[in-house]
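Chemist: Take a look at this one; I'll ask things after.
The values are calculated or read from the model by the stated rules, or taken from the named source; none is laboratory data. Remember, predicted model here, so these are calculated numbers, not experimental data. Cβ sites come from the backbone with ideal geometry, for glycine too, and all protein chains shown count toward neighbours.
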């Protein structure tokens, strides 16, 4: 009779960026059962935003839930509150917000690809991709004044404007970046340690992805057509030419493929935004207090982000509910682990791109 | 594969990608978000900047004669500029400069010093309210 | 957003009739403290259509225990665990301790805590 050994992947591990704990039951290095424990970084953001901070200060608080998708959090909250307070947003402000969201998607996908390459043993590529990422963060610093936490979105519009010189810098930066993206994509498709090693590892079928409500690049790599950018009408995605990217197979190779193609789409969309940027004001005056309930869904780099806001005519909100993409993806991840070898676990975890600060707010 | 080998050889002669800070200075972009500047002569003491600041880095302590003193914590500030946008006298009483904050030293007592200041500001507000209430009572009772 | 009211007794039957894996996508669970009890909300979105979100909700008193939706939707156990920790609501089969430890402030989102 085979004995089953239980191995912990503890909350501190050399392949993890943030603390999460798994407990694997294995038989001869093949995983049979998984227990997951999240919630190590719980900071109580929902309670702080309904007791200590006023509703105008919340965009800066909520942006600090996650470091990688900071603009998406503060933009979702702002769009939700603007539905229950009477204010008109100019279309120039909406276009500028979409520009920042797409640049954010670029640097977040670059981080995930660098982490995947490092887990395959290809550290030189990790350093190169991080060097490319600095270019994108330099562009974001030109627009908003900071590299990581932007404080760019506020209720009524955006804080800073771009002029023709900054627009030219962005276009020049993308011209230098695009051929390097092609080189990285060739490496991911043809290099032995990045393509052959990853085919067939960590696969999820389309039926399981639908049953467990998977989202983001994880679901699109398995063949499921789900993308919030095709299902929402607040931001002008249909005007700047958005196309969904779907792959087959659901393994690590397919997920990397989806992320690389999405980066090409983002570069194309940024160029279209800069060409079609309308004139107008960037900040409108806000009067009154929020009353009623509203919800919004947006596409963060990892999946679907959902905000529910309820106000009762006072300066502090009554209830705010955040649902982050990694929180919905953890049941799918637990299902992927069953049947894999124990030695592949860090690579599967890195390809899944978890953001634990988002999960345990 | 050949391209990767060629890249590896070229990397031997290329300069490093990292910036030689602090030997070489960092280029600041245009409109750098720096420290907040204040001029007491133009200030009308409306308290709007104190109410808008998200981390609470601007505090006004109240004296018994009705005048207020401005305190600013550059280590708590997130340089978002909300206080400047809320001020009725932008550019005269409150503005955002382009100087970068220096790192805090132990002699500045950044954490404990600010905690003590927060407590003394609360106490000064309560003392002013009690003083005003006592004055009103002295006026109404003959 | 379309809000549909149901009740704790009919809730599982309504869900089984409504939920179809190929059409609807389950988003999350939310809970509100109304002062007299809880309002529990379940959000669903439709694949491939613009801005179509449906919310099923019901009211339940503080001490009542409500059934878990995990047999129908397997990925809901995380959201239910978070509500149990934050509000102290009782759900069949879900235990406390996912987010908060035993020595921290308990049920922080209830009124008056």
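Chemist: When residues of segment C:77-98 are filtered for being in a loop (DSSP other than H, G, I, E, B) and under 11 Å from the mean Cα position of the chain (by Cα), how many remain? Let's see the steps before the verdict.
Modeler: If we filter segment C:77-98 for residues that are in a loop (DSSP other than H, G, I, E, B), which is where we start, we get C:88-89, C:92-98.
Filter once more, so that each one left must be under 11 Å from the mean Cα position of the chain (by Cα): C:89.
So the count comes out to 1.
Chemist: Also: Among the residues of segment C:3-22, write down those that are touching a residue at least 24 places away in the same chain (Cβ under 8 Å) and more than 10 Å from chain A (Cβ to nearest Cβ).
Modeler: C:4, C:5, C:6, C:7, C:8, C:11, C:12, C:14, C:15, C:16, C:18, C:19
Chemist: Output the residue which, of all residues in segment C:1-49 that are closer than 21 Å to residue A:322 by Cα and part of a loop (DSSP other than H, G, I, E, B), is modelled with the lowest pLDDT. Spell out the reasoning first.
Modeler: Of all residues in segment C:1-49, those closer than 21 Å to residue A:322 by Cα come to C:1-3, C:24-34, C:38-47.
Applying the additional criterion that residues be part of a loop (DSSP other than H, G, I, E, B) yields C:1, C:34, C:47.
Numbers: C:1: 77, C:34: 84, C:47: 84.
Filtering first and then ranking leaves C:1.
Chemist: Is one or more of the residues making up segment A:66-75 modelled with pLDDT under 90, in contact with a strand residue (DSSP E or B) (Cβ under 6 Å, 6 or more places away or on another chain) and either over 30 Å from residue A:166 (Cβ atoms) or within 14 Å of another protein chain (Cβ to nearest Cβ) (or both)?
Modeler: There is no residue in segment A:66-75 that is modelled with pLDDT under 90, in contact with a strand residue (DSSP E or B) (Cβ under 6 Å, 6 or more places away or on another chain) and either over 30 Å from residue A:166 (Cβ atoms) or within 14 Å of another protein chain (Cβ to nearest Cβ) (or both).
Chemist: Enumerate the pairs (first residue in segment B:11-23 and without any contact (Cβ under 8 Å) to a residue 40 or more places away in the chain; second residue anywhere and assigned to a loop (DSSP other than H, G, I, E, B)) with beta-carbon separation below 8 Å, excluding pairs fewer than 6 apart on the same chain, so at least 6 apart or on different chains.
Modeler: B:19/B:26
Chemist: Could you pull out the residue among B:49, B:83, B:43, B:77 that is surrounded by 14 or more Cβ atoms within 10 Å (Cβ to Cβ) and more than 14 Å from chain A (Cβ to nearest Cβ)? Break it down into steps so the answer makes sense when it comes.
Modeler: Working: B:49 fails: more than 14 Å from chain A (Cβ to nearest Cβ); B:83 fails: more than 14 Å from chain A (Cβ to nearest Cβ); B:77 fails: more than 14 Å from chain A (Cβ to nearest Cβ).
Answer to the check: B:43.
Chemist: Could you identify the single residue in C:105, C:100 that is buried (at least 16 other Cβ atoms within 10 Å of the Cβ) and more than 21 Å from residue A:308 (Cβ to Cβ)?
Modeler: C:100
Chemist: What are the residues in segment C:28-54 that are within 7 Å of chain A (Cβ to nearest Cβ), surrounded by fewer than 20 Cβ atoms within 10 Å (Cβ to Cβ) and in contact (Cβ under 8 Å) with a residue 24 or more places away in the chain, if any?
Modeler: Result: C:47, C:53.
Chemist: Which count do you get for residues in segment A:27-42 that are more than 13 Å from every other protein chain (Cβ to nearest Cβ) and either surrounded by fewer than 16 Cβ atoms within 10 Å (Cβ to Cβ) or at pLDDT below 85 (or both)?
Modeler: Residues of segment A:27-42 more than 13 Å from every other protein chain (Cβ to nearest Cβ): A:27-34.
Cutting the leftovers down to either surrounded by fewer than 16 Cβ atoms within 10 Å (Cβ to Cβ) or at pLDDT below 85 (or both) gives us A:27-30, A:32-33.
Total meeting the criteria: 6.
Chemist: What pairs come out if I take residues in segment A:280-308 that are more than 12 Å from chain C (Cβ to nearest Cβ) and pair them with residues that are part of a strand (DSSP E or B) and surrounded by fewer than 20 Cβ atoms within 10 Å (Cβ to Cβ) whose C-beta lies under 7 Å away, six or more apart or interchain?
Modeler: A:291/A:312
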